[in-house]
């Protein structure tokens, strides 16, 4: 009879150990999925940042009076390049988007810019990139949601807490960037 109890205890320990092992591996996999998805967001940001100087130079050639927007855009790109933490990167990306919105508003309001072929091509590429960024952000947020739910559920939360798996931050637009309408000065200096 003692032998049966020992066998039952060993089987239970093995089952709990296998569950522990599988749960830990699921958490690691989900955590890595978030890192991978953020890398995809960054790839699209890089594509955007590669297009922006070309667009700026094309627009600069046609309009010199909007120098402030160009300077702000260069500053915003520098902030993003210098950001290392995820939250800093998100804030810097929002700064780029706000400034880029001003540049796009300028382009839309000047017919001579809209008709320039290189500006049109760059605008189309930038629009496609913005769509890709939106898709990748959505995928990132879905990976974060999935992970956050996983680490909050019992009994997985025990293992998550023990191995310091913490809740991840969603990518959200900052209220200031989402609510601020770009201003455009349509006065032409002659």
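The values are calculated or read from the model by the stated rules, or taken from the named source; none is laboratory data. What you see is a predicted model, and the numbers here were worked out from it, not measured in a lab. Cβ placement follows ideal geometry from the backbone for every residue including glycine, while neighbour counts extend to all protein chains displayed.
Couple of notes before you dig in:
- Boolean, residue 131 is assigned to a helix (DSSP H, G or I) and modelled with pLDDT under 80: no
- Scanning region 155-174 for residues that are surrounded by 15 or more Cβ atoms within 10 Å (Cβ to Cβ) and farther than 30 Å from residue 98 by Cα gives 156, 159, 160, 165.
- Extreme residue, modelled with the lowest pLDDT, among residues of region 59-69 that are part of a helix (DSSP H, G or I) and surrounded by fewer than 20 Cβ atoms within 10 Å (Cβ to Cβ): 62
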